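Engineer: What follows is a single structure, and I will ask about it in a moment.
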Amino acid sequence: MAQYPVLLFEILFMIDSSWLTEFPDMSRRDLLAIRQTLDGAYRTFSRAYGQSIEDFFNPLLHFLIWFENLLIQTPWWIVLIAIIGLVYAATRSWKLCTGVLISFLAIGYFGMWEDTMRTLSIITVCTILSICIGIPIGILMAGSDRARSIITPLLDIMQTMPAFVYLIPVVMLLGIGKIPGVIAVVIYAIPPVIRLTNLGIRLVNKETLEAATAYGATATQRLFGVQIPLAMPTIMAGINQTIMMALAMVVVASMIGVKGLGQPVLKSITNQYFTLGLLNGLAIVALAIIFDRVSQTYAKRAQRHMEGSDNG
Amino acid sequence: MDNNRENLIEIEGLYQIFGEQPDDVLPKVKAGASKEDVLAETGHTVGLRDINLTVKRGEIFVIMGLSGSGKSTLIRHFNRLIDPTAGKIKVEGENIMELSPKDLITFRRHKMAMVFQHFGLMPHRSVLDNVGYGLSIKGEKKTDWTPKATQWLDTVGLSGYEEQYPSQLSGGQQQRVGLARALCTDAEILLMDEAFSALDPLIRSEMQEQLIELQENLHKTIIFITHDLDEALRLGDRIAVLKDGKLVQIGTPVDIMLHPADDYVKAFASDVNRARALSVQTVMTANTEKLEANSVAEAKANFPQDKEYAFVFNSEGYQGVLSKQQIATLNDENSLKEVLHPVPSVRKANLLQKVIPLSLNTRFDLPVVNKAGELTGRLEARKLADVLSPD
Amino acid sequence: MYSKSLIAGVFTLAATSSFAASSCGKVEIADMNWNSASFMANVDKFILDHGYDCDAELVPGDTMPTSTSMIEKGQPDIAPEMWTNAVSELIERGVKEKRLSIAGKSLSDGGEEGFWVPKYMVDKDPSLATIQGIIKHAKEFPNPENSAISAFYGCPAGWGCQISGGNLFTALNLKEAGFELIDPGSAAGLSGSLSRAYERQQPWFGYYWAPTAILGKYPMVKVDFGSGVDKEHYMKCISNNSCLDPKVTMYPPSPVYSITTTEFEKRAPQAYAYTVNRSFTNAQMNTLLAWMEDNQADGEYAAENFMLNHEEIWSKWVSNDVKAKLDKAIDNL
Ligand SMILES: Nc1ncnc2c1ncn2[C@@H]1O[C@H](COP(=O)(O)OP(=O)(O)OP(=O)(O)O)[C@@H](O)[C@H]1O
Ligand SMILES: [Mg+2]
């Protein structure tokens, strides 16, 4: 009896009822055609525009190389003094400076100085790029609900899409090395700074913004005089997250030939050199902690007087 | 009060409807659908409906009403922080709805300053930088406006706090920073949205007094919002009462007290201790003649023939009252000072409560003098009694 | 569906109740992450499942980790395409300790490794087919990140060839010639860099191996080191991490074996016999890989296609009654 409705169903769709049990997917041939067409189109595209796109990224590449060489070729103690100086200028905390000093000395002692400098340079550049691109996008997003509804799903995709899916096409286009690495890292790491810039600006106290308008502030004056300063704590949190995510991408980036701490990690994973993996992994962790503490302490110091304000 | 002043702000047929498609809902509201019905049927909130009013140059115009009645919404139309769904807003005869974005910014910079209900201070700017905000945004250099900002901070009693940040100040202090910021711009029109609501009663009445005194010197046009009738009566030259986005009455404080337009206003009015709520200003008679005299002879010569008595002033200011009967008994050798009735003078800002005993002690009207010692009006005992006696 | 397969199961069980079939049981096959290996793993799975009543399962694998795991843990059971040069020591030890069995050559010609340049470069300048020519024209292989030095694309990190490639790089004095050994990070990185160069007809010089779809698709020339093959030195030193004094030698053809655990050999002798027989020539494999590339097929799809269309190859690997079973399974595809 219980089969009766199913029977009825089968009569209704007598010709072929297999779609009931199997998903009615498109034929392999059609799917294949689509895949081949798209891949072919991409190949044609990369052949036609690859060189000009590469040229476009050339200045960035030169900067990356210059910065990396600067960090590697400058004597280690000068680099170390510069780093400590920056940390002190940003945080005014001797405790943090000591921590940073010890971490870097340990890194150097275990022979990871050069790789660490490479990673440091690429992460720094990725962070700066993410900030320069991310904050304006976040501002755009905060200003228009339409922009937000378009950008948000894109950010979701960027954060969840497995990196290799876009890495290999990028490699086809730009070869292996720093530029594809930077692109991969930025794609993965930029969403937090965009999201939190948008959030921070949207959370700016409405009356404070109205006050600026009421006294005759132009849109630019409102943006730079009120919205961004008040959103700063939130934006800083976004930047902090961005740095962390960029560091998490170091190993993935090394899979397309980005030099740095990621390569030894990759090597040790496949060869089961546990100690090597652990040491380089710890160096990445040390960088992460340093970036995190320094940026947070700096943010806190810069925003001290805003404690307890509506926007906090 | 003086009713011949020119109109500064005129609002005609102003509607404000909040929601997705206000224009579609407007006809319904114009047809008279109630706020609740509109909300239930269309999901739109009627903020204001058919507001018509004029504000005169130099007056304190109070808008009052219960919470949610649309006061903040209305005041935000004066400088177009909100654009109306329908209606005209004219300032000095110019329809500000037609201003270009650039002109609107110029208009806001020069014509109006606003004090906000929740202060609206900028937490990342020091107190001094907050006070100078209006000027700095016009492009004035900090060195140029600093003396002025410092002076206004001093006026509101906050000198020494220049380098503090708003979060380091109490609510009352922050509100005064907001007031100083508004005054520092020299704008002619001051919009004050529940500027004193956050203050404790003591500071509040202090601030009210300060505002009245400031106004005596500055002669700004002030639009003042409050939900407190006591405050409205004390400050207002005229009061507009809002209910559910609709104007139910506009009038002088005495009008509102003595002739409430409906039960809503009456309910407000009946709660008020008039002696404590009304100030001399609300009942005084303006444009009173004074008698300038240093001696009996001068007094005889100048005494106004149609008056029973006169307020005598000399170069040192108010001296006392001289009656017509007295004049007849005097000869020129008498010292004028000795024969005058020592009737005390009162100030515009004085509460009726304070002047009642003075009025009871004399059969004359009380002279109203300002800070500079000039006569601005007189307080008639009869009017006082009228106002104080319940209807 | 359910009842149908159940009946089929009972039927086959009854029909083939010989001891060999019932003792095959669960078999783990290493599915390496390059096409030919993945294809072979899928073919093995299909044939073992349907012809030998095994319960075969694919597990992801890679040369080094898989061989280690087979020795240390006895899993997976089969590595269908093991390039033993890369892990020669390890395999030798495994065989000696009776943990691994070398079943047969999965590529009968052996794998081909070497340093390659695109054919269009050699067409223009035939001298580039030799290492002397390359060294002389080192400047023609610019490093994108530093035009002062030249680029040699090495083997991805963690692959056995990283060791041999590195040793040959040293032996050939390529560093002194101005080359930098670039680690492409992954197979995808290496093939990506090659196909990018090829699509734009740009110079490229690096390690690659055959049979691969890439080498099938993009004609490449293997660079002659002029040294011939010194197999002994290769085994002793070049393929060794601790090689102190590497000398130049061409890559000996890499033996590519099917490796199984000795335990599997004992447990399922008939299935083991199949892994001994299963073997491709490089020509066959190149065609298959090209088909895979053209059709973007994964290992499973390619295996099905192979079973359907290349009976002439696989029928030689199995007995007649197994072939009958397989035919039936193919009909159900
Ligand atoms: N942006 C808005 N969107 C929707 N409705 C609004 C908006 N602003 C105000 N309203 C509605 O308009 C009405 C009047 O609000 P308004 O803030 O003007 O009241 P108010 O008289 O200032 O009250 P209070 O004394 O509490 O400040 C309320 O019903 C409110 O819900
Ligand atoms: Mg309000």
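The values are calculated or read from the model by the stated rules, or taken from the named source; none is laboratory data. All figures in this text were calculated on a predicted structure; none of them were measured in a lab. Quick reminder, even Gly has a Cβ in these numbers, built from the backbone with ideal geometry, and neighbours come from all protein chains shown.
Engineer: Taking the options A:LEU167, A:LEU173, A:LEU120, name whichever one is under 19 Å from the mean Cα position of the chain (by Cα) and either hydroxyl-bearing (Ser, Thr, Tyr) or within 14 Å of another protein chain (Cβ to nearest Cβ) (or both). If you could, list the steps in order and put the result at the bottom.
Structural biologist: On the way: A:LEU173 fails: under 19 Å from the mean Cα position of the chain (by Cα); A:LEU120 fails: either hydroxyl-bearing (Ser, Thr, Tyr) or within 14 Å of another protein chain (Cβ to nearest Cβ) (or both).
Answer to the check: A:LEU167.
Engineer: Among B:ARG108, B:ARG76, which is within 14 Å of chain A (Cβ to nearest Cβ), closer than 22 Å to B:LEU183 by Cβ and within 16 Å of ligand 1 (Cβ to nearest atom)?
Structural biologist: Details: B:ARG108 fails: within 16 Å of ligand 1 (Cβ to nearest atom).
Just a single option satisfies the conditions, and that option is B:ARG76.
Engineer: Starting from region C:68-81, keep only residues that are farther than 22 Å from A:TYR273 by Cβ and within 13 Å of another protein chain (Cβ to nearest Cβ), then list their pairs with residues that are of a type outside the set (Asp, Glu) and buried (at least 17 other Cβ atoms within 10 Å of the Cβ) whose Cβ atoms are within a distance under 8 Å, requiring at least 6 positions of separation or different chains.
Structural biologist: Listed by first residue and then by second, the contacts come to nothing, as the list is empty.
Engineer: Since B:GLN21 meets every condition but one in (1) surrounded by fewer than 15 Cβ atoms within 10 Å (Cβ to Cβ); (2) polar (S, T, N, Q); (3) over 28 Å from B:ASP255 (Cα atoms); (4) within 16 Å of ligand 2 (Cβ to nearest atom), which condition does it not meet?
Structural biologist: So the condition that B:GLN21 fails would be (4).
Engineer: So which residues in region C:163-182 are surrounded by 19 or more Cβ atoms within 10 Å (Cβ to Cβ) and either touching a Lys or Arg at 6+ places or on another chain (Cβ under 8 Å) or aromatic (Phe, Trp, Tyr) (or both)?
Structural biologist: Selection gives C:PHE169, C:ALA171, C:PHE179.
Engineer: Mind telling me which of the residues B:LEU8, B:LEU14, B:LEU39 ends up being surrounded by fewer than 18 Cβ atoms within 10 Å (Cβ to Cβ) and either within 12 Å of ligand 1 (Cβ to nearest atom) or within 29 Å of B:ARG57 (Cα to Cα) (or both)?
Structural biologist: Working: B:LEU8 fails: surrounded by fewer than 18 Cβ atoms within 10 Å (Cβ to Cβ); B:LEU14 fails: surrounded by fewer than 18 Cβ atoms within 10 Å (Cβ to Cβ).
Testing whether each residue is surrounded by fewer than 18 Cβ atoms within 10 Å (Cβ to Cβ) and either within 12 Å of ligand 1 (Cβ to nearest atom) or within 29 Å of B:ARG57 (Cα to Cα) (or both) leaves just B:LEU39.
Engineer: Any idea which of B:ARG276, B:ARG234 is away from ligand 1 (no atom under 16 Å from the Cβ), assigned to a helix (DSSP H, G or I) and over 12 Å from the mean Cα position of the chain (by Cα)? So that I can check it myself, show each step before the final result.
Structural biologist: Details: B:ARG234 fails: over 12 Å from the mean Cα position of the chain (by Cα).
Result of the check over B:ARG276, B:ARG234: B:ARG276.
Engineer: Which numbered condition trips up A:GLN272, out of (1) touching a residue at least 40 places away in the same chain (Cβ under 8 Å); (2) within 14 Å of chain C (Cβ to nearest Cβ)?
Structural biologist: Every condition holds for A:GLN272 apart from (1).
Engineer: For region C:184-192, does any single residue satisfy the condition of being within 14 Å of another protein chain (Cβ to nearest Cβ), at pLDDT below 90, surrounded by fewer than 17 Cβ atoms within 10 Å (Cβ to Cβ) and not in a strand (DSSP E or B)?
Structural biologist: Checked region C:184-192: no residue is within 14 Å of another protein chain (Cβ to nearest Cβ), at pLDDT below 90, surrounded by fewer than 17 Cβ atoms within 10 Å (Cβ to Cβ) and not in a strand (DSSP E or B).
Engineer: Mind telling me which of the residues B:ASP50, B:ASP83 ends up being within 16 Å of ligand 1 (Cβ to nearest atom) and either more than 14 Å from chain A (Cβ to nearest Cβ) or among the hydroxyl-bearing types (Ser, Thr, Tyr) (or both)? Step through it out loud before you land on a result.
Structural biologist: Details: B:ASP83 fails: either more than 14 Å from chain A (Cβ to nearest Cβ) or among the hydroxyl-bearing types (Ser, Thr, Tyr) (or both).
Just one listed residue meets the conditions, B:ASP50.
Engineer: Of the numbered conditions (1) farther than 26 Å from B:GLY236 by Cα; (2) assigned to a helix (DSSP H, G or I), B:PHE313 fails exactly one; give the number of that condition.
Structural biologist: Only one criterion in (1) farther than 26 Å from B:GLY236 by Cα; (2) assigned to a helix (DSSP H, G or I) is unmet by B:PHE313, namely (2).
Engineer: Does any residue of region B:167-187 turn out to be in contact with a Lys or Arg (Cβ under 7 Å, 6 or more places away or on another chain), closer than 26 Å to B:HIS110 by Cα, within 12 Å of chain A (Cβ to nearest Cβ) and aliphatic (A, V, I, L, M)?
Structural biologist: Narrowing region B:167-187 to residues in contact with a Lys or Arg (Cβ under 7 Å, 6 or more places away or on another chain): B:184, B:187.
Restricting the remaining residues to those that are closer than 26 Å to B:HIS110 by Cα gives B:184, B:187.
Now drop any that are not within 12 Å of chain A (Cβ to nearest Cβ), which leaves B:184, B:187.
Next, only the ones that are aliphatic (A, V, I, L, M) stay: B:187.
Yes, the conditions are met somewhere in region B:167-187.
Engineer: Next question, about the same structure. For residues that are surrounded by 18 or more Cβ atoms within 10 Å (Cβ to Cβ) and either part of a helix (DSSP H, G or I) or in contact with a strand residue (DSSP E or B) (Cβ under 9 Å, 6 or more places away or on another chain) (or both), tally how many sit in region C:292-321. Let's see the steps before the verdict.
Structural biologist: First pass over region C:292-321, keeping only residues surrounded by 18 or more Cβ atoms within 10 Å (Cβ to Cβ): C:292, C:297, C:299, C:302-303, C:306-307, C:314, C:317-318.
Now narrow it down to the ones that are either part of a helix (DSSP H, G or I) or in contact with a strand residue (DSSP E or B) (Cβ under 9 Å, 6 or more places away or on another chain) (or both): C:292, C:299, C:302-303, C:306-307, C:314, C:317.
Number satisfying all stated conditions: 8.
Engineer: Follow-up question, since we're still on this one. Any idea which of (1) within 14 Å of chain A (Cβ to nearest Cβ); (2) of a type in the set (A, V, I, L, M, F, W, C); (3) outside any helix (DSSP H, G or I) is the one C:ILE163 doesn't satisfy?
Structural biologist: Among (1) within 14 Å of chain A (Cβ to nearest Cβ); (2) of a type in the set (A, V, I, L, M, F, W, C); (3) outside any helix (DSSP H, G or I), the lone unmet condition for C:ILE163 is (3).
Engineer: Next question. Are any of the residues in region B:276-295 crowded, with 19+ Cβ neighbours inside 10 Å, closer than 29 Å to B:CYS184 by Cβ and in contact (Cβ under 8 Å) with a residue 24 or more places away in the chain? Walk me through how you get there before you give the answer.
Structural biologist: Let us first name the residues in region B:276-295 that are crowded, with 19+ Cβ neighbours inside 10 Å, namely B:277-284, B:291, B:293.
From what's left, closer than 29 Å to B:CYS184 by Cβ: B:279, B:281.
If we keep only those that are in contact (Cβ under 8 Å) with a residue 24 or more places away in the chain as well, we get B:279, B:281.
There is at least one residue in region B:276-295 that is crowded, with 19+ Cβ neighbours inside 10 Å, closer than 29 Å to B:CYS184 by Cβ and in contact (Cβ under 8 Å) with a residue 24 or more places away in the chain.
Engineer: Report whether or not B:LEU48 is farther than 28 Å from B:LEU218 by Cβ, crowded, with 22+ Cβ neighbours inside 10 Å and within 14 Å of ligand 2 (Cβ to nearest atom).
Structural biologist: Numbers: farther than 28 Å from B:LEU218 by Cβ: yes; crowded, with 22+ Cβ neighbours inside 10 Å: yes; within 14 Å of ligand 2 (Cβ to nearest atom): yes.
Against the criterion (farther than 28 Å from B:LEU218 by Cβ, crowded, with 22+ Cβ neighbours inside 10 Å and within 14 Å of ligand 2 (Cβ to nearest atom)), B:LEU48 qualifies.
Engineer: Restrict the check to region B:89-110 and report whether at least one residue is within 15 Å of ligand 2 (Cβ to nearest atom) and not aromatic (Phe, Trp, Tyr).
Structural biologist: We begin by selecting, within region B:89-110, every residue within 15 Å of ligand 2 (Cβ to nearest atom); these are none.
Looking through region B:89-110, none of the residues is within 15 Å of ligand 2 (Cβ to nearest atom) and not aromatic (Phe, Trp, Tyr).
Engineer: Does region B:116-141 hold any residues that are touching a Lys or Arg at 6+ places or on another chain (Cβ under 8 Å), surrounded by 24 or more Cβ atoms within 10 Å (Cβ to Cβ) and either over 14 Å from B:LEU179 (Cα atoms) or more than 8 Å from chain A (Cβ to nearest Cβ) (or both), and which are they?
Structural biologist: Selection gives B:ASN130, B:VAL131, B:GLY132.
Engineer: Would it be correct to say that B:LEU191 is under 28 Å from B:LEU74 (Cα atoms) and touching a Leu at 6+ places or on another chain (Cβ under 8 Å)?
Structural biologist: Values: under 28 Å from B:LEU74 (Cα atoms): yes; touching a Leu at 6+ places or on another chain (Cβ under 8 Å): no.
When the stated conditions are applied, B:LEU191 does not pass them.
Engineer: Still on this structure, I have one more. Taking the condition of being without any contact (Cβ under 8 Å) to a residue 40 or more places away in the chain and either within 22 Å of B:ASN7 (Cβ to Cβ) or away from ligand 1 (no atom under 16 Å from the Cβ) (or both), how many residues in region B:190-203 meet it? Steps first, answer last, please.
Structural biologist: Within region B:190-203, the first condition is being without any contact (Cβ under 8 Å) to a residue 40 or more places away in the chain, and the residues that meet it are B:196, B:199-203.
Subsequent filtering for residues that are either within 22 Å of B:ASN7 (Cβ to Cβ) or away from ligand 1 (no atom under 16 Å from the Cβ) (or both) retains B:200-203.
The number of residues fulfilling the criteria is 4.
Engineer: Please specify each residue of region B:136-189 satisfying the condition of being free of Cβ contacts under 8 Å to residues at least 24 places away in the same chain and closer than 18 Å to A:ALA217 by Cα.
Structural biologist: B:SER136, B:GLY139, B:GLU140, B:LYS141, B:LYS142, B:ASP186, listed by residue number.
Engineer: Which of the residues belonging to region B:152-202 are within 16 Å of ligand 2 (Cβ to nearest atom) and in a loop (DSSP other than H, G, I, E, B)?
Structural biologist: Hits for region B:152-202 are B:GLU194, B:ALA195, B:PHE196, B:SER197, B:ALA198, B:LEU199.
Engineer: Kindly evaluate C:LEU308 against the criterion of being under 16 Å from C:ASN42 (Cα atoms) and under 25 Å from the mean Cα position of the chain (by Cα). Please lay out each step first, then the result.
Structural biologist: Working: under 16 Å from C:ASN42 (Cα atoms): yes; under 25 Å from the mean Cα position of the chain (by Cα): yes.
Criteria met by C:LEU308.
Engineer: Can you tell me which residue in region A:187-203 is nearest to A:SER144 (Cα to Cα), limited to those that are crowded, with 23+ Cβ neighbours inside 10 Å and among the β-branched types (Val, Ile, Thr)?
Structural biologist: The selected residue is A:ILE201.
Engineer: Pairs only if they're at least six apart or on different chains, beta carbon under 6 angstrom, first in region B:218-244 and within 14 Å of another protein chain (Cβ to nearest Cβ), second more than 12 Å from ligand 1 (Cβ to nearest atom); list them, first residue then second.
Structural biologist: As it stands, the answer is B:ILE223/B:PHE61; B:ILE223/B:LEU191, since those pairs meet every condition given.
Engineer: Using the structure shown, decide if B:LEU66 is near ligand 1 (Cβ under 10 Å from one of its atoms), surrounded by fewer than 19 Cβ atoms within 10 Å (Cβ to Cβ) and over 16 Å from B:PHE18 (Cβ atoms).
Structural biologist: yes
For (1) within 28 Å of B:PHE313 (Cβ to Cβ); (2) within 16 Å of ligand 1 (Cβ to nearest atom), each residue gets a yes or a no:
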{"position": "B:GLN208", "(1), (2)": "no, no"}
{"position": "B:LEU218", "(1), (2)": "yes, no"}
{"position": "B:THR226", "(1), (2)": "no, yes"}
{"position": "B:ALA240", "(1), (2)": "no, yes"}
{"position": "B:LEU258", "(1), (2)": "no, no"}
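Engineer: While we're here: Considering only region B:1-118, give the strands (runs of 3 or more DSSP E) lying wholly within it that have at least 2 residues that are among the acidic types (Asp, Glu).
Structural biologist: Numbers: elements: B:7-18, B:45-56, B:60-65, B:86-91, B:112-115.
In region B:1-118, the matching strands (runs of 3 or more DSSP E) lie at B:7-18.
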